[in-house]
Amino acid sequence: MQISHIEHVGIAVTSLEEAIPFYENLLGFKYFAIEEVEDQHVKTAFFKVGQTKIELLEATSPESAIAKFIEKNGGRGGIQHIAFAVEDGVANALAEVQEKGGRVLDKEPRRGAEGLNIAFMHPKTSCGALVELCEDPNKK
Ligand code: CMX
């Protein structure tokens, strides 16, 4: 597969309302989108840093992966995943990972924030980091 860039870094937060001012006031970022991804039980806020984005993630229900991550992390947020932009489609990238013996959490691409196709690899496959394969927005 061809990975063009880091599409975004996902950061779990306990509250978007509290986290957004930090990024705006201290780092001078301006969020450009807030979106709810219902099937993931998250609300997200995006900031652009060059070609890469920061995705803040707040859980909207206790069954959310973000709620579980924060619970395991002693009630604090933190970096939850890294997303790579794949140039030749998420379905192809997923097939390649599985052919090479990697474990995936999504067998098929699904629709993530910003309407992009995404799929997650299992953190055990990627040395303890949760990796998302993401459609390259420049190729959409
Ligand atoms: N990064 C690295 N490792 C992680 C992790 C993370 N974010 N979350 C969990 N793990 C580890 C756990 O520590 C655990 O390791 P050990 O077995 O060594 O203890 C292992 O993964 C399995 O954890 P688990 O407790 O059995 O499973 P969880 O219920 O915590 O689920 C995971 C973990 C990765 C399967 C789940 O979070 C998932 O399916 N994630 C993909 C979807 C997602 O993260 N959605 C939120 C973002 C949505 C968006 O961007 O729109």
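Note on the stretch 22-64: residues that are under 17 Å from Val9 (Cβ atoms), within 10 Å of the ligand (Cβ to nearest atom) and among the acidic types (Asp, Glu) amount to 2.
Looking only at residues in the stretch 11-45 that are of a type in the set (D, E, K, R) and outside any helix (DSSP H, G or I), the one that is most open to solvent (accessible area, probe 1.4 Å) is Lys30. Scanning the stretch 127-140 for residues that are assigned to a loop (DSSP other than H, G, I, E, B) and touching a residue at least 24 places away in the same chain (Cβ under 8 Å), we see that the one that is nearest to the ligand (Cβ to nearest atom) is Leu130. Out of the stretch 77-118, which residues are open to solvent by 50 Å² or more (accessible area, probe 1.4 Å), assigned to a loop (DSSP other than H, G, I, E, B) and within 13 Å of the ligand (Cβ to nearest atom)? If the condition is that a residue be open to solvent by 50 Å² or more (accessible area, probe 1.4 Å), assigned to a loop (DSSP other than H, G, I, E, B) and within 13 Å of the ligand (Cβ to nearest atom), then Arg103, Leu105, Lys107 are the ones that fit.
The values are calculated or read from the model by the stated rules, or taken from the named source; none is laboratory data. Here the structure is a predicted model, which means the values were calculated and not measured. Using ideal geometry, Cβ is built from the backbone for each residue, glycine included, and neighbour counts are taken over all protein chains shown. Surface accessibility is based on the protein's heavy atoms, side chains included, excluding ligands, DNA and RNA. Shrake-Rupley method; radii C 1.70, N 1.55, O 1.52, S 1.80 Å.
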